[in-house]
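Note sheet for the following structure.
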Amino acid sequence: DARVSGHELKPGDTPKRVTLVFTVAEGPRYRMGDVSWAGNTVLSAGSVGRYWEQRAGGAYDRSGIEKAQGQAYGDYAEEGYLYVAVEPQETVRDSLVDVLFQVTEGQPSQVRLVTVRGNKATRENVIRREVDVGEGDRFRRSALVRCLGDLMGLGFFEEVVPDFAS
């Protein structure tokens, strides 16, 4: 509820400088209320509950909400769910903000095809030997990260960029 309630332009210490002064009305301070999750069937309530470490009554923390949302996306990707929505819905009551993370789970993703492009000097079988992700496997974020690390560890490439195509 913060808002700029006024502004003033003052001359600076030299003719080429000016000072712009804003007056800000901060509004009331909000605190965190209840934090809950709905729609999560793949990840358990205990699993998603650990994303939020702050107790009710603490200062409202938007960055904490975004961090919990990002952790949920990461864990869903580890389970093979690339198409998932985790939307925090905030409800204000008095000076408390209740947050409900509404989860919409899609279908788990499978690796359809692994294509190697852009290699000019390295034989494809050398690259494929380092790729632990196979066609037909369920997508796992950790397997992709490990694979990218293994490819960079070869020392042949400046950059390895995965491209997700449907």
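Show the residue pairs meeting these rules: Cβ distance below 6 Å; 6+ apart or different chains; first residue within segment 50-65 and farther than 18 Å from ASP94 by Cα; second residue open to solvent by 40 Å² or more (accessible area, probe 1.4 Å) and not polar (S, T, N, Q).
Here the result reads TRP52/VAL35, each pair linking segment 50-65 to a residue that is open to solvent by 40 Å² or more (accessible area, probe 1.4 Å) and not polar (S, T, N, Q).
For segment 40-51, check the following and say yes or no: at least one residue is assigned to a strand (DSSP E or B) and basic (Lys, Arg).
No, segment 40-51 has no match at all.
Specify which of the listed residues (VAL18, VAL4, VAL92) is open to solvent by 70 Å² or more (accessible area, probe 1.4 Å), among the hydrophobic types (A, V, I, L, M, F, W, C), over 30 Å from VAL111 (Cα atoms) and touching a residue at least 40 places away in the same chain (Cβ under 8 Å).
VAL92
For segment 26-77, which positions are open to solvent by 60 Å² or more (accessible area, probe 1.4 Å), among the small types (Gly, Ala, Ser) and closer than 17 Å to LEU100 by Cβ?
Once the filter is applied, which keeps residues that are open to solvent by 60 Å² or more (accessible area, probe 1.4 Å), among the small types (Gly, Ala, Ser) and closer than 17 Å to LEU100 by Cβ, segment 26-77 yields ALA45, ALA56.
Looking at GLY39 and the list (1) within 30 Å of CYS147 (Cα to Cα); (2) in contact with a Ser or Thr (Cβ under 7 Å, 6 or more places away or on another chain), which single condition is not satisfied?
With respect to (1) within 30 Å of CYS147 (Cα to Cα); (2) in contact with a Ser or Thr (Cβ under 7 Å, 6 or more places away or on another chain), GLY39 is out only on (1).
Is there any pair with a first residue in segment 27-44 that is among the basic types (Lys, Arg) and a second that is in a strand (DSSP E or B) whose Cβ atoms are under 6 Å apart and which are 6 or more apart or on different chains, and what are they?
ARG31/LEU96
Is there a residue being touching an Asp or Glu at 6+ places or on another chain (Cβ under 9 Å) and either part of a loop (DSSP other than H, G, I, E, B) or farther than 29 Å from GLY106 by Cα (or both) anywhere in segment 66-75?
Within segment 66-75, none of the residues are touching an Asp or Glu at 6+ places or on another chain (Cβ under 9 Å) and either part of a loop (DSSP other than H, G, I, E, B) or farther than 29 Å from GLY106 by Cα (or both).
Being polar (S, T, N, Q) and either surrounded by 15 or more Cβ atoms within 10 Å (Cβ to Cβ) or closer than 22 Å to ASP75 by Cβ (or both) is the filter here; which residues of segment 108-165 pass it?
SER109, GLN110, SER142
Would you call VAL97 in contact with a Lys or Arg (Cβ under 9 Å, 6 or more places away or on another chain), farther than 22 Å from LEU154 by Cβ and assigned to a strand (DSSP E or B)?
Yes: the conditions hold for VAL97.
Testing GLU87 on (1) under 25 Å from VAL145 (Cα atoms); (2) surrounded by fewer than 15 Cβ atoms within 10 Å (Cβ to Cβ), one condition comes back false. Which one is that?
Among (1) under 25 Å from VAL145 (Cα atoms); (2) surrounded by fewer than 15 Cβ atoms within 10 Å (Cβ to Cβ), GLU87 violates only (1).
Search segment 99-121 for residues being among the β-branched types (Val, Ile, Thr) and within 30 Å of ALA68 (Cβ to Cβ), and hand back the single one that is farthest from the chain's Cα centre (by Cα).
VAL111
With GLU159, GLU124, GLU130, GLU105 as the choices, which residue is closer than 27 Å to VAL48 by Cβ and of a type outside the set (Val, Ile, Thr)?
Exactly one residue qualifies, and that residue is GLU105.
Being acidic (Asp, Glu) and closer than 20 Å to VAL160 by Cα is true for just one of GLU135, GLU79, GLU53. Which residue is that?
GLU135
The values are calculated or read from the model by the stated rules, or taken from the named source; none is laboratory data. Keep in mind the model is a prediction, meaning the values are calculated, not measured. Neighbour counts are summed over all protein chains in view; Cβ atoms, including those assigned to glycine, are modelled from backbone coordinates with ideal geometry. What goes into the accessible areas is simple: the full protein's heavy atoms, side chains included, and nothing from ligands, DNA or RNA. Shrake-Rupley method; radii C 1.70, N 1.55, O 1.52, S 1.80 Å.
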